[in-house]
Amino acid sequence: MASLLRRVKARVALASSRKTLHPLEGAHAAVRRGRSLDFDDLRHYEPGDEVRDIDWRATARQGQLLVKQYVATRRYSLALAVDTSPRMSALAADGTPKRDLAVLAAGVLGFLSLRNGDEVRAFCGEGERIRRTPAGGSEGRLEQLLRTIDRSVAGPAATRAELLAAVARDSNRRLILVIIGDESPLLPEEIRQLRRLRARHEVLWFTICEEPLLDHAPRSRPRVDIDSGWEIPEFLASDPALLAELEHHDRDERERRTAAFAELGIDHRDLHTDAEVVPVLLDVLERRRRARR
């Protein structure tokens, strides 16, 4: 099998020349100043120590000023939660399998993080269970991660709510969490899990959109409903009333999805074609970088 990461690196090289652009840039400002959130030990207060680091309970017990000492954090952690449900085996608007767009998006974000010495891990459905890849900072580990995602998009899969719940259970430290999913409406349980995740982590969501079920564009392949497997007769594509109804429904779903993510405070973008994946991701990361200056 050809290297998935090699394809990703070629696409990134064509689209960006920024050496520092990556998903975690600007995040965790306290860590960037050299002070991590990982407690190590107590030590005696010294002139110049910050008052906020004083452990007042330990000070009261010992009768002398004690401050908390922290372990320096050298790496950030990016977690990719990728929807591998059967709907991700559908086609995007340009005829590319949605799975390929998901792998490309995960690869771009992972590669940009590795380039800056950060760790990457992933969660995805594999059958009825959630597959968790170990965090790693090497290209070999990222290649394995991408292959895991690529082969998991098939057959029955854990629900998206189960995927989000697994991330919440396994994430003991603050993360940049990037969720790559399909257009299915957010269910109440998914919204509950997202609120839980958003309270602890920085969350981004990229929706992989599939080709319209019906449109005026000529097709060289059958139109198939991914849920039922039903091949749609071509004459339905020429029914103006049906096309208008479907367009109205799709527009309403997009608006509801956008409103839901706005209410949750989650950055969100749609991805429609293979060609736009890398530019859209780089644009989102650049906007985040500028917003944090």
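Please treat every number below as a calculation from the coordinates, not as lab data. Nothing here was measured: the structure is a model prediction, and the numbers come from that model. All Cβ positions, glycine included, derive from the backbone under ideal geometry; neighbour counts span all protein chains shown.
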**OP:** Calculate, in nm to one decimal, what Ser184 and Glu231 gain on full extension: separation in residues at 0.36 nm each, minus their alpha carbon distance.
**Re:** 14.9 nm
Original post:
Can you give the extra length, in nm with one decimal, that the chain gains between Ala13 and Ala168 once fully stretched, where that is 0.36 nm per residue apart less the Cα-Cα distance?
Top reply: 52.4 nm
Subject >> Where GluC sites (Glu not before Pro) fall in DSSP loop in the stretch 75-167, at most 14 other Cβ within 10 Å >> reply: Glu128
Subject >> Sites Lys68 and Arg115 - FRET efficiency at Förster radius 22 Å, r taken between beta-carbons, to 0.05 >> reply: 0.10
Original post:
So if R0 is 30 Å, what FRET efficiency would Ala275 and Leu242 give, r being the distance between their Cβ atoms, rounded to the nearest 0.05?
Top reply: 0.55
**OP:** Write down the percent of antiparallel bridges among all DSSP beta bridges whose residues are both part of the stretch 54-182, to the nearest 5.
**Re:** 40 percent
**OP:** Can you pull the one-decimal nm distance between simple spin-label points at Arg196 and Arg61, each 7 Å off the Cα toward Cβ?
**Re:** 3.2 nm
